[in-house]
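The values are calculated or read from the model by the stated rules, or taken from the named source; none is laboratory data. These numbers come from a predicted model, not from an experiment. Cβ: placed from backbone, ideal geometry, glycine included. Neighbour counts: every protein chain shown.
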Amino acid sequence: MPFQIHTARLLLRPFRASDLESFLAYRNDPQVARYQGWSVPYSEQDARHFVEVMQAFEQPEAGEHVQIAIETRASQAMIGDVMCHIHSSDPRQATIGYTLGRSWWGQGYALEAVRALLDYLFSYRDMHRVTADCDVDNTASWRLLERAGFRREAHFVESFLQDGRYTSEYHYGLLQREWRQSLQQKPA
């Protein structure tokens, strides 16, 4: 069965060839790319290759960087993606990331997708620890990570080269036991 994670509003699944147009659109939006590791313009050739590679994965495996498409269940529109990298040096640790097309910002989709990915990683893959990084100026992103239960562990000053200038990053971590405790504390 193909990899899928269902939430109330979303489907997380491998990329499809039909995602190319949506993927290319948000990858070429300067506001979306501002805090990401790619530059604009993002070529159609690069996007096509990326989608082809990502649609081949079945399950995230140790050592792989996998981007997983985020689709709304209501419209079946591909609106962004989540990244998962299971560390080869310790396959019970993973790093995640996320990107949404700008028209989907502010509607809770990114938080819903991140929580679903965390549930998959902690509940089904038995991860011990999950980490995430974000630019210190990306307030929406670090607030999302904190709402998802992550704890800020570090502030790396001018540590990431983006478009010819160094930016600073926050580093976040979340342990499986912290995730489980947060689930027990949620009101019914």
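Being of a type outside the set (A, V, I, L, M) and surrounded by fewer than 18 Cβ atoms within 10 Å (Cβ to Cβ) holds for only one residue in Phe3, Phe15, and it is Phe3. For segment 130-174, name all the residues that are out of contact with any Ser or Thr (no Cβ under 7 Å at 6 or more places or on another chain), aliphatic (A, V, I, L, M) and surrounded by fewer than 17 Cβ atoms within 10 Å (Cβ to Cβ). Selection gives Ala140, Ala154, Leu161. Residues in segment 104-132 that are of a type in the set (S, T, N, Q) and in a helix (DSSP H, G or I): Ser123 alone. Being within 14 Å of Val82 (Cβ to Cβ), of a type in the set (Phe, Trp, Tyr), in contact with a strand residue (DSSP E or B) (Cβ under 7 Å, 6 or more places away or on another chain) and modelled with pLDDT of 95 or more: is that true of Tyr172 here? No.
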